[in-house]
1. On the given criteria, is residue B:68 free of Cβ contacts under 8 Å to residues at least 60 places away in the same chain and touching a helix residue (DSSP H, G or I) at 6+ places or on another chain (Cβ under 7 Å)?
2. So which helices (runs of 4 or more DSSP H) are wholly in the stretch B:1-48 and hold at least 2 residues that are touching a residue at least 60 places away in the same chain (Cβ under 8 Å)?
3. Taking residue A:266 as the residue in question, decide whether it is not assigned by the TED database to the domain that holds residue A:191 and not in a helix (DSSP H, G or I).
4. Go over the candidates B:295, B:252, B:301 one by one and state the one that is in contact with a helix residue (DSSP H, G or I) (Cβ under 6 Å, 6 or more places away or on another chain), modelled with pLDDT of 90 or more and surrounded by 13 or more Cβ atoms within 10 Å (Cβ to Cβ).
5. Is it the case that some residue within the stretch B:91-111 is surrounded by 19 or more Cβ atoms within 10 Å (Cβ to Cβ) and touching a strand residue (DSSP E or B) at 6+ places or on another chain (Cβ under 6 Å)?
6. Criterion first (out of contact with any strand residue (DSSP E or B) (no Cβ under 8 Å at 6 or more places or on another chain), farther than 28 Å from residue B:97 by Cα, surrounded by fewer than 18 Cβ atoms within 10 Å (Cβ to Cβ) and at pLDDT 80 or above) does residue B:218 satisfy it?
7. Among the listed residues B:290, B:308, identify the single one that is surrounded by fewer than 18 Cβ atoms within 10 Å (Cβ to Cβ) and in contact with a strand residue (DSSP E or B) (Cβ under 7 Å, 6 or more places away or on another chain).
8. Go through (1) surrounded by 21 or more Cβ atoms within 10 Å (Cβ to Cβ); (2) modelled with pLDDT of 95 or more; (3) assigned to a helix (DSSP H, G or I) one by one and return the number of the condition residue A:146 breaks.
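The values are calculated or read from the model by the stated rules, or taken from the named source; none is laboratory data. Fair warning: this is a prediction, and the values are worked out from it, not measured in the lab. Because the Cβ atoms are built from the backbone with ideal geometry, glycine has one as well, and the counts that use them run over all protein chains shown.
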């Protein structure tokens, strides 16, 4: 499970992905990917005719590709990941120019046993959906999947509680080369003049703090995350007399990955990709159940 | 008319909001009132700018005039730029009479002696502000009009406000020219930056209401309005607490409106201290952090934290010292029990 093929998963890294939870897909057949691609392509063309697809130039021809990501799964119980890509080839261009990737979205389950265990046959569990590209394409692809497989998509917001888990966990990971700071961004939006606070800690110092807090390697408890956060709050309060705990944690960022409360993540390091995806799968499943 | 000048004028007009173009052209004064009358300001901006360029062609506009138009735009939209503050130091002599012509001559002379390809433009405003626009070239290239540096100098003060272009390498030459022209000995950059030029002026010219105002609490009124069964001591506590917070806020921030800053940044190089019972980090080296506060109006925002209970009153001196220390960039080290900012 540890070493996913770096080449196959390179497309995931360093992009901002918008997160959704997806209920199980009914009647999905792995063997019919080509058919699905054709059907989705026709659906998009039809919607364009109706004038519903905006941001798409009239001359653009949308090509749809669906593929399986055999590597993107945690255990044998997980379904393999499913990648959807929308590319354009301008009809106007006479030379055989390369297709331009317009939008990607992929379905994934990383150790999502909690969900797949309890689901009847004929349902495929891929609870996490990640998109990169214009919102209008996401809406198109989403509607087609909803209609075809009777599933339901919902934006996956990330609570401050989960963000603090992420920052504590990721701050503790070891990185060989010089890492970027461990940054927490807080917002106080309801003041008459809204205030944002960025609190960035040197990665070595953040890791040193976490290492003294975490008692059992490989295991993290809510208590430990709370202590870690309380330490950071206390250090801040000592200097500024401000109670950071009263502000809303909206974004966390480390050398491993960053996450925003609106459900947007960026993963920077392939080494920890399974761990991050596992956490996100868990969040998606909680939202579904 | 030079094609590059025409294009530059066209692009400058395009930047302006449509309903302000006439006013800016009038301020510019290069086109006659009769010429301005011929312009249709109700059409697309693209067309307006083309027509303006036509008229400039008739008047044979050169780069000097184009630069003057750019200053007008940037003076009105000064808050789109990021300004840094520099302080100049005199050699200790008597205050000399300031001669604007002499200043301009020396400034241009100093810059041109190092770099021939520059466009230097001056404009004086009523508030004694001298605006200087410098477009920089290289020994082999004409000046880049699209990335000029702006300097605002109030001759009665030792302060200069600079909105440098992206070409930072020209900054030393710019600074040198300023001290030569103004007869100062030295210039240093202050740790104070903002988009609001006026607020920076308020801070360094001390035009805001200062701290340490005395505040006399109003006599507590309306005891009778409280619900009958409320514990009077609790109500009194609340009121006292509120008044205390209000008074401390006044002492920290003063009564008047705060200068408008958008951010403050603190590099913390202090120790991490915790309750020994918590059994956490106990390093001998500093816990290195970088904290950045941002808000459309930072000081008012910080002021509002204590009444809401989001911060303890009085607010930390690290925050309340921003205006009287005239800085919003800090490096904080530990010194015994208190913090020092070098």
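1. Working: free of Cβ contacts under 8 Å to residues at least 60 places away in the same chain: yes; touching a helix residue (DSSP H, G or I) at 6+ places or on another chain (Cβ under 7 Å): yes.
Taking the combined requirement at face value, the residue satisfies it.
2. Working: elements: B:3-15, B:21-28, B:33-37.
Because the criterion is at least 2 residues that are touching a residue at least 60 places away in the same chain (Cβ under 8 Å), the helices (runs of 4 or more DSSP H) in the stretch B:1-48 that meet it are B:3-15.
3. Values: not assigned by the TED database to the domain that holds residue A:191: yes; not in a helix (DSSP H, G or I): yes.
Against the criterion (not assigned by the TED database to the domain that holds residue A:191 and not in a helix (DSSP H, G or I)), residue A:266 qualifies.
4. Numbers: B:252 fails: modelled with pLDDT of 90 or more; B:301 fails: in contact with a helix residue (DSSP H, G or I) (Cβ under 6 Å, 6 or more places away or on another chain).
After ruling out the rest, the residue left standing is B:295.
5. Pass one, the stretch B:91-111, residues surrounded by 19 or more Cβ atoms within 10 Å (Cβ to Cβ): B:103, B:107, B:111.
Going one step further and asking which of them are touching a strand residue (DSSP E or B) at 6+ places or on another chain (Cβ under 6 Å), we end up with B:111.
Yes, because at least one residue in the stretch B:91-111 is surrounded by 19 or more Cβ atoms within 10 Å (Cβ to Cβ) and touching a strand residue (DSSP E or B) at 6+ places or on another chain (Cβ under 6 Å).
6. Numbers: out of contact with any strand residue (DSSP E or B) (no Cβ under 8 Å at 6 or more places or on another chain): yes; farther than 28 Å from residue B:97 by Cα: yes; surrounded by fewer than 18 Cβ atoms within 10 Å (Cβ to Cβ): yes; at pLDDT 80 or above: no.
So residue B:218 does not fit the description; no.
7. Details: B:308 fails: in contact with a strand residue (DSSP E or B) (Cβ under 7 Å, 6 or more places away or on another chain).
The conditions single out B:290.
8. For residue A:146, the failing item is (1).
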